[in-house]
Amino acid sequence: MNKDILNVLYQSDDNYAAVSAISIASLLENNKHLKQINIFYLGHKLKKSSINKFNEMVGSYKNATITFVDVSGYPDELKEIGVKAWKGLYITWYKMLAFAKLDIKTDRILYINPHTVISGALDGLLELDFEDNILALSYDATMVNAHKNAIGLKSTDGYFNCGIMLVNHKKWIKDKIDSKMREHLRHNHYEVADQDLCNVFFKDKIKLVGVEYNFSTVFYGYDIKKYIKANGFMSESFYSYNEIMEAYYAPKIVHSQFGITGRPWQVGNDNPVGLLWHKYLEMTPWKNAKMPEAKKDMNWRLYKLLSQAIVVKLYAWAVKRKFAK
């Protein structure tokens, strides 16, 4: 275990290059004390101009490197396995192939979803004891408890988010996880792509990580107590209100999952963490780029008009209707 070397994996297409840059800038700004940060980027049809900007930005930090992984063959690999595209694209699955292909010198690698801001030091993840587990994940804050039944889990089982994944790379290679996972995928298909896969395939091999390392912005957008109740979260398989509040003002990683009033990187958003995202956007080569505009739709208006008690119930109803049997 190297406690001062952080290996990180990102993935996106060119449409999300600027969003990824925000996350990477925040990661590098708040982890300058680490000896080495190695970023591996799975870029689907990334433009040369975007690659140059990433190199420029990461190159300005003495302790950081960035490597662009050739993913041109990934879609065909996934099709051959029989994996279904997620929202028309295979990008979300790329990381699951990459873990076995990456040659790293430490025992772990951290996957970070581009929809994040790293607002603190990540030493805790470098020091974490996997205890023979393959993954270390946080509970998912956006899926209703009823979805577990749809994928064969018990209501008391944890359902974990894969936006932040700490992977026991040493064990992944040693236990030949890649070939076993591919075989499993040939016979099983999941509604919520790789996240459902991880919750089923790695069941009992996942170590719980504190909410501070994957702090969902739904906790800033909704009344937390009402939100927990409406979604049917249970004390044995979700964070307590007190645990959430302990991380509320100083999370290590903030994960953008609340977008009713616009995503925090969008122009014209009214997102509770919009200023935080703007802070790090200004540190990237994309600071003068034209960002997408937030759309003030019916959901936005209802959120502003209705009480929190009604809003969280409507949210839970919509998610349950889509993802629960």
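The values are calculated or read from the model by the stated rules, or taken from the named source; none is laboratory data. Since this is a predicted model, take the numbers as computed values, not measurements. Using ideal geometry, Cβ is built from the backbone for each residue, glycine included, and neighbour counts are taken over all protein chains shown. When the accessible area is computed, the model is the full protein with side chains, heavy atoms only, and any ligands, DNA or RNA have been set aside. Shrake-Rupley method; radii C 1.70, N 1.55, O 1.52, S 1.80 Å.
Things worth noting here:
- The overall shape of segment 13-55 is prolate: from the C-alpha gyration tensor, with semi-axes ordered a ≥ b ≥ c, the ratio a/c is 1.5 or greater and a/b exceeds b/c.
- Summed residue charge, Cβ within 14 Å of Trp286's Cβ, Lys/Arg positive, Asp/Glu negative: +2
- Of all DSSP-defined beta bridges confined to segment 1-156, some 5% are antiparallel rather than parallel.
- Residue by residue, segment 147-162 carries 3J(HN,Hα) couplings of 5, 4, 4, 5, 10, x, 9, 7, 5, 8, 6, x, 10, 9, 8, 10 Hz when phi is fed to the Karplus relation 6.51 cos²θ - 1.76 cosθ + 1.60 (θ = phi - 60°); x denotes Gly or Pro.
- Its Cα centre serving as origin, segment 138-212 has a Cβ charge dipole (Lys and Arg +1, Asp and Glu -1) of approximately 420 debye.
- Segment Met234-Ala309, length gained on full extension (0.36 nm per residue, minus Cα span): 25.1 nm
- Accessible surface computed residue by residue for segment 103-213, with neighbouring protein chains in place and a 1.4 Å probe, gives 37 Å² per residue.
- DSSP-defined antiparallel bridges as percent of all bridges, the chain, nearest 5: 35 percent
- For segment 189-225, backbone nitrogen atoms closer than 13 Å to the point 7 Å from Asp270 Cα along Cα-to-C-beta are found at no residue.
- Between Glu80 and Ser60, the contour length at 0.36 nm per residue exceeds the alpha carbon distance by 3.2 nm.
- Note, ³J(HN,Hα) from phi for segment 186-192, Karplus 6.51, -1.76, 1.60, rounded to Hz, x at Gly and Pro: 5, 10, 9, 10, 10, 5, 9
- Interchain or long-range residues, amide H under 5 Å from Ile39's placed H: Val8, Thr65, Ile66, Thr67
- Gain in span if fully extended, Asn288 to Ala121, counting 0.36 nm per residue against the direct Cα distance: 57.4 nm
- By accessible area, using a 1.4 Å probe on protein heavy atoms only, the chain has 50% of its surface on carbon and sulfur.
- Once the gyration tensor of the Cα atoms in segment 224-279 is diagonalised, the equivalent ellipsoid follows with semi-axes of 25, 14, 8 Å, ordered largest first.
- Residues with amide H under 5 Å from that of Asp13, placed H, sequence gap 5 or more: His44
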